[in-house]
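So the structure is just underneath, and the comments pick up after that.
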Amino acid sequence: MSNLTVEKIGGTSMSNYQAVRDNIILYPEDPYHRIFVVSAYGGITDDLLEHKKTGQPGVYGLFANDDVDDDWRIALDQLSLKLNKINAGLFADDGLRTMANQFIDERIAETKQLLNHLQDLCSHGHFSLESHLLTVRELLASLGEAHSAWNLAHLLQTEGVNARFVDLTGWQANETLPLDEMIQKYLGHIDFSQELPIVTGYAHCTENLMNTFDRGYSEMTFSRIAVMTNSAEAVIHKEYHLSSADPRLVGEDNVVPIGKTNYDIADQLANLGMEAIHPRAAKGLRQAQIPLRIKNTFEPDHHGTLITDDYVSEAPQVEIIAGMKNLIALEVFDQDMLGQQATYERALLDIIQRLKCQVVTKDFNANTITLYVNASLKKVKQMTSQIETALNGATISTRKVSLVSAMGSDMAIQGLLSKAVTTLYEKGINVEALHQNTRQVEMQFMVNESDFETAVQAMHARLIEVHDHGIAICEH
């Protein structure tokens, strides 16, 4: 299906129906030959699960903690009112608005009933709530995408678009199918030249997407649909451009939208928590040789960022300055480590995997291994305790650092590392550690937390905000 595109709409974009309609669905004209995978409206998944940035518990977090029995019920009732309020702002027609409310209200009511039964069951010693929490998490997450997909399909129908609501959430299904079979079952019979599928980002399947991808599940659904339908291009619509830096840090007038890059750089960004797409979702697209385009919902005429497997900039250059502000440097020192680094690394890896901590990067010398961990202080304390037990005699220390990274598809520039270090030195910033490997696609600098913003601004100004870099980055 060489003319078919599979497109994902992010939550912030979904919250602006007019922009979605005018800038995505009806842009430029023909809405067909496309499949849309949609996220929940902005903030709804935070309410259902937990806040992505602060960790404040949503319905799931309250149910899992079970601190006060009624907390999760109150949160679910408040969410129901919030979803109805969203519907009121979308549907001018009373009859359609009533249908929209009934659709989501019924799902929420049944979800509450199921969770009540589960809580009662697990109050008996023979049943463990812990063993059911993944299912609860999936059930709650599915509500957000079902709500937004149903709404978008029916709103588009009122605009004369032959849109179809495609529900992959497995709601009241008699069996659980593998993801590929789910896609074939619900999309295989649709004539994409005549119908526009609006598909839930959450897909209930035997692979248990949330267990592997957690909140990246919608990108996996999107990626797999693109691969299964042999689409010409995969497109993600976000509320911003993929740019040379965070405009909030360096200023909107200074950032440059990235015209082209490759999946390698997309993976580097994902490692720093700034996902253009989940790495596993990107893997499917890359292996199927499907290009990925990142577009700004609010600038439909802009070509966006095209991500392919084989792109390399015409001239070596820095394309992106990115970073992470709150990392923990966990240092393991043992005078007897020399010659046994592999044994120490295996012990550390076991602990990291058990606690599901993200290690952004690491370094080592003869008797020291330092892990740069993106995790809560609570998790880091658990890591420290388990490392002390596993590596008796080792000294473990921790401190907060920030990481600033320069990235590019080809950064084999003589003197670039020196220029970057000099730039930080001139701003009075001490480089506490640095990493660069022979592939020449990323340089990482560890700096004090308080120096993060200044470091990003200085490196962007010195390495990107120059004429030749700007032209190269913006190429079509």
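The values are calculated or read from the model by the stated rules, or taken from the named source; none is laboratory data. These numbers were taken from a predicted model, which means no experiment stands behind them. FYI the Cβ positions are ideal-geometry reconstructions off the backbone, even for glycines, and counts take in every protein chain you see. Just so you know, the surface numbers come from the protein's heavy atoms only, side chains and all, with ligands and any DNA or RNA stripped out. Shrake-Rupley method; radii C 1.70, N 1.55, O 1.52, S 1.80 Å.
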Single unsatisfied condition, residue 142 versus (1) polar (S, T, N, Q); (2) touching a His at 6+ places or on another chain (Cβ under 9 Å); (3) touching a residue at least 40 places away in the same chain (Cβ under 8 Å); (4) not in a helix (DSSP H, G or I): (4)
Selection count where residues are of a type in the set (A, V, I, L, M, F, W, C) and not in a strand (DSSP E or B), scope the range 292-338: 6
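So that you can scan it fast, the table gives a plain yes or no per residue for (1) part of a helix (DSSP H, G or I); (2) modelled with pLDDT of 95 or more; (3) touching a Gly at 6+ places or on another chain (Cβ under 6 Å):
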site	(1), (2), (3)
127	no, no, no
134	yes, no, no
169	no, yes, no
180	yes, yes, no
211	yes, no, no
217	yes, no, no
221	yes, yes, yes
Filter pass, residue 111 being part of a loop (DSSP other than H, G, I, E, B) and hydroxyl-bearing (Ser, Thr, Tyr): no
Whichever residue in the range 382-418 is in a helix (DSSP H, G or I) and more than 28 Å from residue 455 (Cβ to Cβ) and, among such residues, is most open to solvent (accessible area, probe 1.4 Å): 389
Condition met for residue 119 (open to solvent by 70 Å² or more (accessible area, probe 1.4 Å), among the polar types (S, T, N, Q) and either outside any helix (DSSP H, G or I) or on the phi < 0 side of the Ramachandran plot (or both)): no
Selected residue [buried (at least 19 other Cβ atoms within 10 Å of the Cβ), of a type outside the set (Asp, Glu) and at negative phi] from 26, 62, 81: 62
Residue identified as more than 30 Å from residue 245 (Cβ to Cβ), surrounded by 13 or more Cβ atoms within 10 Å (Cβ to Cβ), in contact (Cβ under 8 Å) with a residue 12 or more places away in the chain and of a type in the set (Phe, Trp, Tyr) among 372, 344: 344
Close pairs from the range 423-452: first over 26 Å from residue 266 (Cβ atoms) and without any contact (Cβ under 8 Å) to a residue 12 or more places away in the chain, partner surrounded by 12 or more Cβ atoms within 10 Å (Cβ to Cβ) and of a type in the set (A, V, I, L, M), Cβ under 9 Å, at least 6 apart: 425/431
